[in-house]
1. For region B:17-41, give me the residue count where each residue is away from DNA strand D (no atom under 11 Å from the Cβ) and over 25 Å from B:W100 (Cα atoms).
2. Any idea which of (1) more than 14 Å from chain B (Cβ to nearest Cβ); (2) more than 6 Å from DNA strand C (Cβ to nearest atom) is the one A:Y54 doesn't satisfy?
3. For region A:24-43, indicate whether the set of residues that are out of contact with any helix residue (DSSP H, G or I) (no Cβ under 8 Å at 6 or more places or on another chain), among the aromatic types (F, W, Y) and part of a helix (DSSP H, G or I) is non-empty.
4. Considering only region B:164-181, state which residues are closer than 19 Å to B:D146 by Cβ and either part of a helix (DSSP H, G or I) or at the interface with chain A (Cβ under 9 Å from one of its Cβ atoms) (or both).
5. Of the residues B:D124, B:D138, only one is under 22 Å from A:I200 (Cα atoms), among the charged types (D, E, K, R) and touching a Lys or Arg at 6+ places or on another chain (Cβ under 8 Å); which?
6. Tell me the residue from B:R80, B:R103, B:R160, B:R98 that is in contact with a Phe, Trp or Tyr (Cβ under 8 Å, 6 or more places away or on another chain) and either charged (D, E, K, R) or facing another protein chain (nearest Cβ under 9 Å) (or both), please.
7. Which is surrounded by 14 or more Cβ atoms within 10 Å (Cβ to Cβ), out of contact with any strand residue (DSSP E or B) (no Cβ under 9 Å at 6 or more places or on another chain) and closer than 25 Å to B:A207 by Cα, of B:A76, B:A163?
8. Could you list, ordered by first residue, the pairs with Cβ atoms under 8 Å in which the first is in region B:29-43 and in contact (Cβ under 8 Å) with a residue 24 or more places away in the chain and the second is away from DNA strand C (no atom under 12 Å from the Cβ) and of a type in the set (D, E), at least 6 apart or interchain?
2 protein chains.
Amino acid sequence: MVNSEAKTPRERYRAQVRTEIKQRAWEQIATAGASALSLNAIAKQMGMSGPALYRYFGGRDDLITELVRDAYRSLADAFRATSEASGADVTALAHALRAWALRDPQRYFLIYGTPVPGYQAPDDTTAISSEIMATLLDACAALPSDGPATPFEAHLEGHRDWAAGHPAPPAALHRALAFWTRLHGVLSLELAGHFSGMGIDPAQLFAAELDDLAGTSAT
Amino acid sequence: MVNSEAKTPRERYRAQVRTEIKQRAWEQIATAGASALSLNAIAKQMGMSGPALYRYFGGRDDLITELVRDAYRSLADAFRATSEASGADVTALAHALRAWALRDPQRYFLIYGTPVPGYQAPDDTTAISSEIMATLLDACAALPSDGPATPFEAHLEGHRDWAAGHPAPPAALHRALAFWTRLHGVLSLELAGHFSGMGIDPAQLFAAELDDLAGTSAT
DNA sequence: TCCGTGCGGTTATAACTTCTAACGAACGTG
DNA sequence: CACGTTCGTTAGAAGTTATAACCGCACGGA
């Protein structure tokens, strides 16, 4: 059987260089954005010149795709960890999401930011995305659901393939979607700086939205 | 006094070329995103070569800044028009926002998408942004406000500078912010294609969020 | 009407970028 | 020890933004 770690010394070295390249790329993205990522600059920082990086990544797009994959993986891990630590609590998940986003805004935008029109995300990222959604659904299913069924929940009843067989009631599905979209709404505008000139505290707006989501007022 | 339109034939020509450049830029952005905007390609399309465009725009960043300005202006006009036509109705504003966004997703992302870390928006765009917020506040102030004051509304009481003197109660300010962030949350995820593989209808999710905002459940 | 200023467009050039191709050296495995 | 894969190099093509220098024509004042 093939052991994933440290087989040949060449593979060890190759993995090490790959992670260093990605690390430099993350630093560069955090300071100047993903559009300003330069393979030449990374190579120069690492002491080697230009086309050497093409031994490790197919090109700029491949590197960015790998970074997107890592970002998804990091968010999924953070979500899973806080879910296990807090017993599937939605407010804990929300604060974990905000902390993860504030830790590196450009990493958040790499996942949820402006898409490149032609770009198609690799299918494994959608798999990780559904893993994130699964832990979110676990937390939302634990909330009490009251109120009458809305027309949108009737729509969800017939379109719950994205839940991947999760046995959550339609109200919980709706809660999960609202959790996702509302917190993303506040977070993305905050990270983009749209609140900076307004004087309001984004954390309090985030908390207000979270109170509304976790409170008794379903949908 | 200086008439703004059509003074000298030189200025007429200059304005015409400028608008044609911006038009080609919009087409290019709509199909390949703002990061793929190429001055050379625009010049080649217009039959003139390369550096001629620098007579009309200071550079790529200046052109994009101008496009951002136009995008803000377009959204503000659309908002104002529907507000006047519908009598400051929030659902009409919401549908106008969604239609405006779906008409050219990259134009929406040019305003509300991933920001470039170093970039500072010119102050006139923030002026237009506050104009948009004003018409939104007009519509939110027309809604009935019930329920007790939340801690966030208490925070808003002390930080209402962004309302630019608009005489809306804190509940209306909160409504306007929720309107903005929630609809942006659904819209940006929809435009980015994050719902495409899930099978759900973004329009119905948008409608559900709008029902929650315009309904009786304040905050 | 005529003439000069200045505007618009050109080519050339510099400094970048991604990415391919060909070559050499070093490393590790048989 | 020798051979082969892999890594890093330099060279080069095809792009990009942006600046500089130059030329001609059109516009506007006299």
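The values are calculated or read from the model by the stated rules, or taken from the named source; none is laboratory data. No experiment lies behind these values; they were computed from the predicted model shown. With ideal geometry, Cβ positions are generated from the backbone for all residues, glycine too; neighbour counts draw on all protein chains shown.
1. So the count comes out to 1.
2. So the condition that A:Y54 fails would be (2).
3. There is no residue in region A:24-43 that is out of contact with any helix residue (DSSP H, G or I) (no Cβ under 8 Å at 6 or more places or on another chain), among the aromatic types (F, W, Y) and part of a helix (DSSP H, G or I).
4. Those that are closer than 19 Å to B:D146 by Cβ and either part of a helix (DSSP H, G or I) or at the interface with chain A (Cβ under 9 Å from one of its Cβ atoms) (or both): B:P170, B:A171, B:A172, B:L173, B:H174, B:R175, B:A176, B:L177, B:A178, B:F179.
5. Details: B:D138 fails: touching a Lys or Arg at 6+ places or on another chain (Cβ under 8 Å).
B:D124 is the lone residue from the list that is under 22 Å from A:I200 (Cα atoms), among the charged types (D, E, K, R) and touching a Lys or Arg at 6+ places or on another chain (Cβ under 8 Å).
6. Values: B:R80 fails: in contact with a Phe, Trp or Tyr (Cβ under 8 Å, 6 or more places away or on another chain); B:R103 fails: in contact with a Phe, Trp or Tyr (Cβ under 8 Å, 6 or more places away or on another chain); B:R160 fails: in contact with a Phe, Trp or Tyr (Cβ under 8 Å, 6 or more places away or on another chain).
Step by step, each of B:R80, B:R103, B:R160, B:R98 is checked, and only B:R98 is in contact with a Phe, Trp or Tyr (Cβ under 8 Å, 6 or more places away or on another chain) and either charged (D, E, K, R) or facing another protein chain (nearest Cβ under 9 Å) (or both).
7. Answer to the selection: B:A76.
8. B:A30/B:D104
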